[in-house]
Ligand SMILES: [Zn+2]
């Protein structure tokens, strides 16, 4: 099976078969990034933001085109077999032209003579930067193309022979030689290539390639920058995480205002998954997967692991959102998924001037609206950690409810009624406990939220209830009221859970030292790491909902992420795309899982649960199952997935 994947850069959903490879990589052409600090991605612009990576789509080729080229040159590309691949300069220039200006530029590139190589390159490297940079770029390219592409042996042999025979005194022959020397088809470069197909038995869809520039093919290299990736996004040209297309890819969106601590939360989740994988019922997940923001991601991870505040995500930047991907399997390795945690800055999707959700942003960054699970983050104390926290939120907390409901409405509007992502309302920085006073409040929003007794996260709800009663500070009651309001609003749209935790356990201090050599945070000479509070509980819930951890004692992995609009039928609607008839056992397991993981239930779930309750919590026996059948059938819904 080949799965769809998401580009973590442009956020687009892409069929697994579609992937690009960079001919420059395969040919060992590295230009522009010769500066060590740029290579490490640590170069910053005048505002202190990390500089973008050099645009690299110019020399990329799709897997399909690569196969076509191979066929043209009579080089069979077989699964796991190394072949020597040749490409002519004309073909290479055509690829560059197509990528930079479509067919028109590609044609012009094809027409250029070898002596006009500079003009050809100018067509694709017209940079907005200054002339000096452009000159250097052009010179570097000319040099490396001359180095890599050699006048081909056959043409060379003809010329040499005719020269030896003295035929080159003939002006016609001379003219012919010049034409040959000027024809970019007569220059070629080669490399070893070893494709990996999705199915080893079928040479149809390339998963990835390995390559080598050595004369002998003994050393094959993965595509890396600096760690192995699968290839490049066919839309934006940025690196695609390893495993994309091979495993289901789930996006977990953390939505919150800038100061709600989302980036720290993501780092804490990654650390928790790595440290406590056994407790979480998953296999060791390994390191985060490489993507275009690998260096920034790893820098933040190193800062977090050493007890320093993470770099602020720039909400106004046009670079989409910060995110981090990791490959996770359940403990028995029955299921493996790619999970990307996406940092969605509320400021990015909200127009503060007219107090409206910025629809454009949702379109521009499809990743925001494509998540399979949302975590709505808000700081439990309006004042945050004080000044150490940086800027305050510039959009009102209510904006988050608006953004979330807009995302859900869009999903419904897109006729994807069967895939409504569950949501967790998360109060962050939960370690900030105020001076306890016991003032039970009748207004406590959590008093009216009743979860089923099977709900596994009831303690979390109680924590919030207590936090409200234990204080009368508006700083804390306001965010908690918000939490209650959000629940009221969103629980009619999707499955909801609610918890509070802390990624840091104290305020984070900004690191001012050498980024290349980060030292652990100390206070008066004492090493003080971060203290994660209840992050394990959050991770457990996420893993259960994603079907990567068995739920409780059930030994049951959710086969897919539960959707609020998903219903069962015992009928025979199977066969059609979306429809699938469930066995009674499926129904039973699913509904128990829903009760254990979410506070609220969909109307049909509720009907089934009522039947369930009539039997004092026992699953209805065979006589009752007839009644249950009726409940399901008269509901008029079918189970879709
Ligand atoms: Zn992309």
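The values are calculated or read from the model by the stated rules, or taken from the named source; none is laboratory data. None of these values were measured; they are calculated from a predicted model. No Cβ is skipped: glycine too gets one built from the backbone with ideal geometry, and neighbour counts run over all protein chains shown.
Odds and ends about this structure:
- Qualifying residue in region 397-405 (condition: at pLDDT 85 or above, on the phi > 0 side of the Ramachandran plot and assigned by TED's automatic domain parsing to the domain that holds residue 261): no
- Test: residue in region 522-538 that is modelled with pLDDT under 85, within 26 Å of the chain's Cα centre (by Cα) and either surrounded by 21 or more Cβ atoms within 10 Å (Cβ to Cβ) or farther than 30 Å from residue 307 by Cα (or both): no
- Count of region 243-260 residues which are within 30 Å of residue 405 (Cα to Cα) and away from the ligand (no atom under 16 Å from the Cβ): 12
- Residue 303 vs. criteria within 30 Å of residue 527 (Cβ to Cβ) and modelled with pLDDT of 95 or more: no
- Of all residue pairs spaced 6 or more apart or on separate chains, none has beta-carbon atoms under 9 Å together with a first member in region 1-16 that is without any contact (Cβ under 8 Å) to a residue 40 or more places away in the chain and more than 15 Å from residue 207 (Cα to Cα) and a second member that is assigned to a loop (DSSP other than H, G, I, E, B) and more than 9 Å from the ligand (Cβ to nearest atom).
- Hey, residue 272 in the same structural domain as residue 376 (by TED's automatic domain parsing) and either within 16 Å of the ligand (Cβ to nearest atom) or touching a residue at least 12 places away in the same chain (Cβ under 8 Å) (or both) or not: yes
- Residue within region 134-147 that is assigned by TED's automatic domain parsing to the domain that holds residue 180, assigned to a helix (DSSP H, G or I) and farther than 21 Å from residue 27 by Cβ present: yes
- The condition (being surrounded by 16 or more Cβ atoms within 10 Å (Cβ to Cβ) and farther than 21 Å from residue 152 by Cβ) is satisfied by just one residue among 219, 232: 232.
- Residue count for region 218-242 satisfying the condition of being touching a strand residue (DSSP E or B) at 6+ places or on another chain (Cβ under 8 Å), more than 16 Å from the ligand (Cβ to nearest atom) and assigned to a loop (DSSP other than H, G, I, E, B): 4.
- Considering each residue of region 494-512 in turn, at least one proves to be assigned to a loop (DSSP other than H, G, I, E, B), within 30 Å of residue 302 (Cα to Cα) and without any contact (Cβ under 8 Å) to a residue 12 or more places away in the chain.
- If you go through region 162-182 and keep only what is surrounded by 11 or more Cβ atoms within 10 Å (Cβ to Cβ) and without any contact (Cβ under 8 Å) to a residue 40 or more places away in the chain, you end up with 162, 163, 167, 168, 170, 173, 174, 176, 177, 178, 179, 180.
- Total residues in region 76-97, condition surrounded by 16 or more Cβ atoms within 10 Å (Cβ to Cβ) and assigned to a loop (DSSP other than H, G, I, E, B): 3
- Test for residue 548: is it at pLDDT 95 or above, touching a strand residue (DSSP E or B) at 6+ places or on another chain (Cβ under 7 Å) and surrounded by 18 or more Cβ atoms within 10 Å (Cβ to Cβ): yes
- Residue 125 vs. criteria touching a strand residue (DSSP E or B) at 6+ places or on another chain (Cβ under 7 Å) and either within 22 Å of residue 22 (Cα to Cα) or surrounded by 12 or more Cβ atoms within 10 Å (Cβ to Cβ) (or both): no
- With respect to (1) surrounded by 12 or more Cβ atoms within 10 Å (Cβ to Cβ); (2) touching a helix residue (DSSP H, G or I) at 6+ places or on another chain (Cβ under 9 Å), the lone exception for residue 63 is condition (2).
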